[in-house]
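**Q** My questions will all concern the structure given below.
Each value in this text was obtained by applying a stated rule to the coordinates, not by laboratory testing. Please read these numbers as outputs of a predicted model, since none were measured by experiment. Note that each Cβ is placed from the backbone with ideal geometry, even for glycine, and that neighbours are counted across all protein chains shown.
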Amino acid sequence: MKQIVTAGRVLAGSELEVIENGAVVIEDGKIQKVLAAGQLTEADRQDAQLVDLGQKTVLPGMIECHNHLCIDARKNEHLEIIGTASECKLTMLALEGLYDDLQSGVTTARCMGDKYDLDLKLKKEIQAGNVTGPDLLTAGVGMKGSNGSGYIGAPHSGVEEFRRTARANVAKGVNVLKIFTTPGLFSVEQGFVPSFLSAQEIRTVVEEGDRLHLPVAAHCIGGQALKDCVEQGVKVIEHAYCASAEDVALLKAHPECWVDLTTGIYLDPEREAYLSAANVAKARAGREIVRKCVGDLVKAGVHFSLGTDANHGLLWKEVVYAAELGADNRTALKGVTSNAAIVCGVAGRKGELSAGADADLIAVQGDPLADPSVLRDVEFVMKNGRIYKQDGAAAACCHAFQKGC
Ligand SMILES: [Zn+2]
């Protein structure tokens with residue numbers, strides 16, 4: 001099937017270059033070309049379904065770089081739920097989150113560790129057309145130290161345990177190997193960032209990934225673990241909430257290592273409504289530390305992508321926070337488009353409107369390069385050429401389950 005999407009402004013290519021009165025020509029779910037509407041030929045128009053988005057801005061579907069399907073930060077005490085909820089309950093939670101993510105303009109999401117292999121199972125259902133959601137990239141079982149903290153990772157000790165799980169994840173078909181190296185936040189009383197994994201354990205997972213061209217992403221807020229991760233070949237540092245000046249310098253010296261920022265966890269006061277009192281206190285205690293450290297990192301020009309850490313449907317806020325912390329608007333937007341695609345290993349295929357890329361398009365009123373907050377109201381969503389939202393409403397026949405409608 002051939003389609004042509006036209007709009008007042010199209011953000012084209014990996015640099016999000018503005019084409020006024022632009023058009024995107026699509027065939028069988030892939031972008032054929034992106035051009036000024038005035039350059040469309042009769043051959044382009046022949047047999048094409050025309051989608052005229054008026055004066056809206058069309059940009060690539062957003063890529064959520066850090067998600068969990070079995071967590072929904074919009075639910076009361078969502079972290080505690082993980083320990084007690086059944087697979088069925090967590091699956092229901094996941095379906096809701098996936099649907100809301102797609103409706104918010106997220107067309108690709110990287111899952112950074114889930115229980116019951118939900119990410120792997122739901123990826124298949126989405127691919128088969130049975131479930132509505134973004135295209136997924138998966139990590140399977142997240143690996144933490146048996147001395148470590150956190151709600152999602154499974155405990156491991158010694159290089160052979162890490163190797164075994166890394167290989168088991170590979171056998172299941174994951175896209176990334178996920179390790180957890182530090183707590184969630186620096187504790188002022190403690191005075192340092194604990195590092196739970198040895199350099200050898202980190203190296204083992206990197207080696208297992210390297211041979212198969214699979215990247216390793218590390219939950220890591222800073223300190224010794226950040227140094228170990230960078231030196232042992234980890235490709236993405238997740239969170240970096242407490243990156244010191246030394247950490248920033250190290251990351252600048254290693255541009256092959258990216259940082260994936262999820263600052264809304266601490267900066268977004270609206271999340272507090274869904275946290276236990278103890279976790280509210282932690283979020284407040286960390287807010288200014290995170291603002292300062294992540295701000296320093298962004299201002300230093302360390303390259304980054306963006307994720308919500310399971311704040312489903314609210315990736316747009318991360319773009320706003322990145323801009324507030326000192327990124328220019330284009331770089332902030334690339335954090336959920338072309339730079340996110342690099343971090344997720346899908347550059348050229350996702351995160352840009354270019355010939356040969358998947359037809360993942362969204363549209364908003366206004367100009368996100370002038371004001372990123374316009375991403376709050378995504379009015380049009382297309383994924384792989386199929387329209388899931390139009391005129392601000394879910395397309396007919398778009399439910400969490402696609403079958404039977
Ligand atoms: Zn996470």
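**Q** As I understand it, the value is the acute angle between the Cα axis of helix 87-103 and the longest principal axis of the Cα atoms of the chain; what does it come to in degrees, rounded to 10?
**A** Around 40 degrees separate the two axes.
**Q** By how many degrees, 0 to 90 and rounded to 10, does the Cα axis of helix 223-232 deviate from the longest principal axis of the chain?
**A** So the helix axis and the longest Cα principal axis differ by about 70 degrees.
**Q** Test of understanding: what is the full-extension gain from Ala278 to Gln200, defined as 0.36 nm times their sequence separation minus their Cα-Cα distance?
**A** Value of the extension gain: 24.7 nm.
**Q** What is the gain in length, in nm to one decimal, between Met1 and Gln46 on full extension, counting 0.36 nm per residue of separation less the C-alpha to C-alpha distance?
**A** So the extension gain works out to 15.1 nm.
**Q** Here's something else I'd like to know. So if I restrict to the alpha-carbon atoms in segment 280-405, what is the Rg, and what is Dmax, the biggest pairwise distance, in Å?
**A** Looking at segment 280-405, its Cα Rg and Dmax stand at 16.5, 51 Å.
**Q** A follow-up question, please. Which whole-Hz couplings ³J(HN,Hα) result when phi for each residue of segment 157-165 is put into the Karplus expression 6.51 cos²θ - 1.76 cosθ + 1.60, θ = phi - 60°, listed in order with x for Gly and Pro?
**A** Residue by residue, segment 157-165 yields 8, x, 4, 5, 5, 5, 4, 4, 5 Hz.
**Q** Counting other C-beta atoms within 10 Å, and keeping those with at most 13, which DSSP coil GluC sites (Glu not before Pro) do you find in segment 183-249?
**A** Glu189
**Q** If you don't mind, another one. Please list the equivalent ellipsoid semi-axes of segment 134-208, computed as the square roots of five times the alpha-carbon gyration tensor eigenvalues, in descending order and whole angstrom.
**A** On the way: eigenvalues 111, 47, 18 Å².
That gives 24, 15, 9 Å for the three semi-axes.
**Q** With a cut-off of 8 Å between alpha carbons and a minimum separation of six or more residues, what is the relative contact order of segment 276-385 in percent?
**A** Value for segment 276-385: 20 percent.
**Q** For His219, His303, what ranking results if the residue with the fewest other Cβ atoms within 10 Å of its Cβ goes first?
**A** Going from least to most buried by this count: His303, His219.
**Q** A further question on this structure: Which percent of Cα-Cα pairs in segment 1-109 sits in each 10 Å bin, short to long?
**A** 13, 33, 22, 17, 12, 2
**Q** For every other residue with a beta carbon closer than 11 angstrom to the beta carbon of Val5, add +1 if it is Lys or Arg and -1 if Asp or Glu, then tell me the sum. Mind dumping the intermediate values first?
**A** Values: positive: Lys56; negative: Asp52.
The answer is 0.
**Q** Shifting gears a bit: Just report the Cα centroid separation between segment 63-97 and segment 265-341, whole Å.
**A** Measuring centre to centre over Cα atoms gives 20 Å.
**Q** Defining a contact as two alpha carbons under 8 Å apart and six or more residues distant in sequence, what relative contact order in percent does segment 105-169 show?
**A** 30 percent.
**Q** Let me ask another. As a quick test, which of the pairs Lys178/Lys317; Lys2/Lys30; Lys115/Lys235 have an alpha carbon distance above 19 angstrom in this structure?
**A** Lys178/Lys317; Lys115/Lys235
**Q** I need to check one value: relative contact order of the chain, counting alpha carbon pairs closer than 8 Å and at least 6 residues apart, in percent.
**A** About 20 percent, as a whole number.
**Q** Report the gain in length on full extension from Asn384 to Lys292: 0.36 nm times residue separation, minus Cα-Cα distance, nm rounded to one decimal. List each step's numbers first, then the result.
**A** On the way: separation 92, 0.36 × 92 = 33.12 nm, distance 3.90 nm.
Working it through step by step, the gained length comes to 29.2 nm.
**Q** Please give the FRET efficiency for Glu17 paired with Asp328, using the beta carbon to beta carbon distance and R0 = 25 Å, rounded to the nearest 0.05. Could you put the intermediate results ahead of the total?
**A** On the way: r = 15 Å, r/R0 = 0.59.
The calculated FRET efficiency here is 0.95.
**Q** With angles folded into 0 to 90 degrees, how steeply does helix 199-210 sit against the dominant principal axis of the chain? Use alpha carbons for both and round to 10.
**A** With both axes taken from Cα atoms, the answer is about 30 degrees.
**Q** Let me ask you something else. By DSSP, what percent of the beta bridges with both residues in the chain are antiparallel, rounded to the nearest 5?
**A** Among the beta bridges of the chain, antiparallel pairing accounts for roughly 50 percent.
**Q** Would you mind classifying segment 62-344 by shape? Square roots of the alpha carbon gyration tensor eigenvalues, ordered a ≥ b ≥ c; an a/c under 1.5 is rounded, otherwise it is prolate if a/b is larger than b/c and oblate if not.
**A** rounded
**Q** Hand me the GluC sites (Glu not before Pro) from segment 1-59 located in a DSSP loop with no more than 12 other Cβ atoms within 10 Å, in residue order please.
**A** Glu15
**Q** Here's something else I'd like to know. Sorted from fewest to most neighbouring beta carbons within 10 Å, what does the list Met112, Met62 look like?
**A** On the way: Met112 28, Met62 31.
Placing the least packed residue first, the sequence is Met112, Met62.
**Q** Which is the longest part of the chain that has none of the trypsin sites (Lys or Arg not before Pro) sitting in a DSSP loop with at most 10 other Cβ atoms within 10 Å?
**A** Result for the longest clean stretch: 1-210.
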